[in-house]
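Everything on this sheet refers to the single structure shown next.
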Amino acid sequence: MNFSFPYGRGTHEFRLDEARISQVLLPPEVKAVPCTAADVEAALDHPVGTPPLLEQLQARKPERVVVVVNDITRPTPYALLLPPVLRRFAEAGIPDEKVTLVVATGIHDPHTPEQNLQVYGEELVRRFRIVSHAADDPDSLVSLGTLATGSELFVNRLVAEADFLLTLGVVMPHYFAGYSGGRKSILPGVAGKESVERNHVRMVALMDDLPDLDANPLHLEMLEAARRVGVDCILNVVTNENGEVVKVVAGDVEQAWKEAVAVSSALYEVPVVERADVAIVSACGHPRDINVYQAQKALDHADKATKAGGAIVLVADCPGGYGERVFEEWLNAASRPEDIVARIRREFRMGGHKAFGIAKVAAAKKIYLVTSMSGEMVRKLFAEKAASVEEALGRIEAERGAAFRCIVMPQGSLTVPVFAPEGR
């Protein structure tokens, strides 16, 4: 069987004997008509759990409007979403100079001017003030007090002081928060680094047995943070594996978001009866394989579909290398995966959590990486560089013999293996 995996801005082709394939995991075929601007208009005029956007703006007459937008690592259809929003701003008498776009970088690097142009386009860059959130800049943060968990909530000052707060997002599976979008625009999107770390430290105990949303302590704290900040309206979408928008929701940060979660879970959760000896997985190409920091999500999904002691072949270009400074420091400081697994339990740090995500897999399974990164960089990931999927499979056969079967995941970042009880 021939496969063409997304890889960077292109593809990686390989052939696999059908006798070796136990299952090809693809997002379920859910028939949905791609959304249009009319669907965005309808969502804004008939939101879930809030008055219509225009009605809110006319009633509030805000002087400081903030729109929280995603950074370059999270593809978001701004050309579809923003024009209806901006028309409502104009109808409510809100001039461009009263609107600020805050980029929800989380702990990622701030955008360069060139990246702003690439992501948002010339018109938005020309018309609006665009500010990248800086999680480690205390002067740009403000405390909103203590959350129920005991953590102090630090958030971007522009966001906290907004008279009206609208967040844009994409609702996709997330390896420890359950799903992206909604409340994640605030925590971690525009929260202080300390607040993000206090939230994310809980992932260490959750990743191997992720609870349902309503029992997930990370999600619950994220939701409380969004309520504390006072998100007035969200505008979120669900996209299919082709990047087409198939659902638009607007309104309350929890109620509207959960409608999107229901659609997203139907699109991306895939039943698997039995784990395989080998998983062959794509990180979905650019920008999801822009660096290892992003590509790790696909590795986590493949881990769930692979037997203990098995192997994973990850196809991820990663032209940006590791993608985060602390992540790289932790990798450089470790001589084996167990060093990082032990370190995260005594010293949780953002960036280190991604190193843990890789190390916990590498401690139990062999990882091969088809990538443009150097062999030395790959070795720091406790993995082996392979020029192709075929080469990796050849090494696996030489080490383990020919009696292995594979799960193939062409859209690994977007495919969440879900096991029936008998498959656990």
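Only beta bridges with both residues in the chain are counted; by DSSP, about 30 percent of them are antiparallel. Computed from Cα positions, the angle between helix 78-91 and the longest principal axis of the chain comes to roughly 10 degrees. Roughly speaking, what is the centre-to-centre gap between the range 180-213 and the range 251-313 when only Cα atoms are used, to the nearest Å? Result: 17 Å between the Cα centres.
Looking at the chain, the accessible area is 40 square angstrom per residue; that uses a 1.4 Å probe and ignores ligands, DNA and RNA. Taking N as the residue count of the range 370-417, its C-alpha radius of gyration divided by 2.2 N^0.38 Å amounts to 1.32.
Counting alpha carbon pairs within less than 8 Å and at least 6 residues apart, what relative contact order, in whole percent, applies to the chain?
21
Surface composition of the range 104-201: carbon plus sulfur atoms contribute 49% of the solvent-accessible area (1.4 Å probe, protein chains only, all chains present).
When every alpha-carbon pair in the range 47-92 is counted, what percent end up more than 14 Å apart? Of all Cα-Cα distances in the range 47-92, 59 percent exceed 14 Å. For residue 397, the shell of other residues with beta-carbons less than 13 Å away shows a net charge of 0, using +1 for Lys and Arg and -1 for Asp and Glu. Dipole size of the range 278-417 about its Cα centre, with +1 on Lys/Arg Cβ and -1 on Asp/Glu Cβ: approximately 460 debye, rounded to the nearest 20. Contact order for the range 288-377, expressed relative to its length and based on alpha carbon pairs under 8 Å spaced 6+ residues apart, stands at 40 percent.
The local environment of residue 288, defined by Cβ-Cβ distances under 11 Å, has a net charge of 0 under the rule Lys, Arg +1 and Asp, Glu -1. Since only 210, 150, 178 are under comparison, the one whose Cα sits farthest along the positive direction of the charge dipole of the range 123-212, derived from C-beta charges on Lys, Arg, Asp and Glu, is 178. Magnitude of the charge dipole for the range 69-138, about its Cα centre and with charges confined to Cβ atoms of Lys, Arg (+1) and Asp, Glu (-1), is about 340 debye. Loop-located GluC sites (Glu not before Pro) in the range 245-275 (DSSP state not H, G, I, E or B) with no more than 15 neighbouring Cβ atoms inside 10 Å: 274. Taking a ≥ b ≥ c as the square roots of the eigenvalues of the Cα gyration tensor of the range 26-177, is the shape rounded (a/c under 1.5), prolate (a/b larger than b/c) or oblate? Rounded is the answer for the range 26-177, as its axis ratio a/c remains below 1.5.
With θ taken as phi - 60° and the Karplus curve 6.51 cos²θ - 1.76 cosθ + 1.60 applied, the whole-hertz 3J(HN,Hα) list for the range 273-289 is 8, 9, 5, 9, 5, 9, 10, 10, 9, 9, 7, 5, x, 5, x, 6, 10 Hz, x standing for glycine and proline.
Quotient of the Cα radius of gyration of the range 245-302 and 2.2 N^0.38 Å, N being its number of residues: 1.46.
Report note on the peptides 277-283, 66-72: ranked by the mean count of other C-beta atoms within 10 Å, highest first, their order is 277-283, 66-72.
Beyond 23 Å, what share of the Cα-Cα pairs of the range 300-424 is found? Please give it as a whole percent.
33
Extension gain, residue 342-residue 115: 0.36 nm per intervening residue step, less the Cα-Cα distance, totals 78.0 nm. Taking amide H as placed 1.01 Å from N in the peptide plane, residue 26 has no amide H partner under 5 Å among residues 5 or more places away or on another chain.
Considering only 333, 46, 83, the residue lying farthest towards the positive end of the dipole of the chain is 333, judged by Cα position with unit charges set on Cβ.
Provide the gained length on full extension for the span residue 38 to residue 54, in nm with one decimal, where the gain is 0.36 nm per separating residue minus the Cα-Cα distance. Mind showing how you got there, number by number?
Details: separation 16, 0.36 × 16 = 5.76 nm, distance 1.56 nm.
Additional length available on full extension: 4.2 nm.
Extending 7 Å from the Cα toward the beta-carbon at both residue 18 and residue 123 defines two label points whose distance is 4.9 nm.
By the gyration tensor of its Cα atoms, with a ≥ b ≥ c the square roots of the eigenvalues, what is the shape of the range 301-354: rounded for a/c under 1.5, prolate for a/b over b/c, or oblate?
oblate
As a fraction of the 1.4 Å probe accessible area of the range 310-424, surface on carbon and sulfur atoms comes out at 50 percent.
Over its Cα atoms, what ratio of radius of gyration to 2.2 N^0.38 Å does the chain give? Before the final figure, lay out the partial values.
Details: Rg = 21.5 Å, N = 424, 2.2 N^0.38 = 21.9 Å.
Its radius of gyration relative to the 2.2 N^0.38 Å reference: 0.98.
For the range 190-288, the Cα gyration tensor yields ellipsoid semi-axes of 26, 21, 14 Å (square root of five times each eigenvalue, largest first, whole Å). Taking the charge dipole of the chain about its Cα centre, with +1 at Lys and Arg Cβ atoms and -1 at Asp and Glu Cβ atoms, the residue from 23, 100, 56 reaching farthest to the positive side is 23. Charging the Cβ of each Asp and Glu at -1 and of each Lys and Arg at +1, and nothing else, the dipole of the chain about its Cα centre rounds to 580 debye. Note: relative contact order over the range 21-122, using C-alpha pairs below 8 Å and six or more positions apart, is 31 percent. So what's the gap between the Cα centers of the range 54-94 and the range 7-51, to the nearest angstrom? Each part's Cα centre sits 25 Å from the other's.
The values are calculated or read from the model by the stated rules, or taken from the named source; none is laboratory data. Please read all numbers here as calculations on a predicted model, not as lab measurements. Neighbour counts are summed over all protein chains in view; Cβ atoms, including those assigned to glycine, are modelled from backbone coordinates with ideal geometry. We work out accessible area using only protein heavy atoms, side chains counted, and drop any ligands, DNA or RNA first. Shrake-Rupley method; radii C 1.70, N 1.55, O 1.52, S 1.80 Å.
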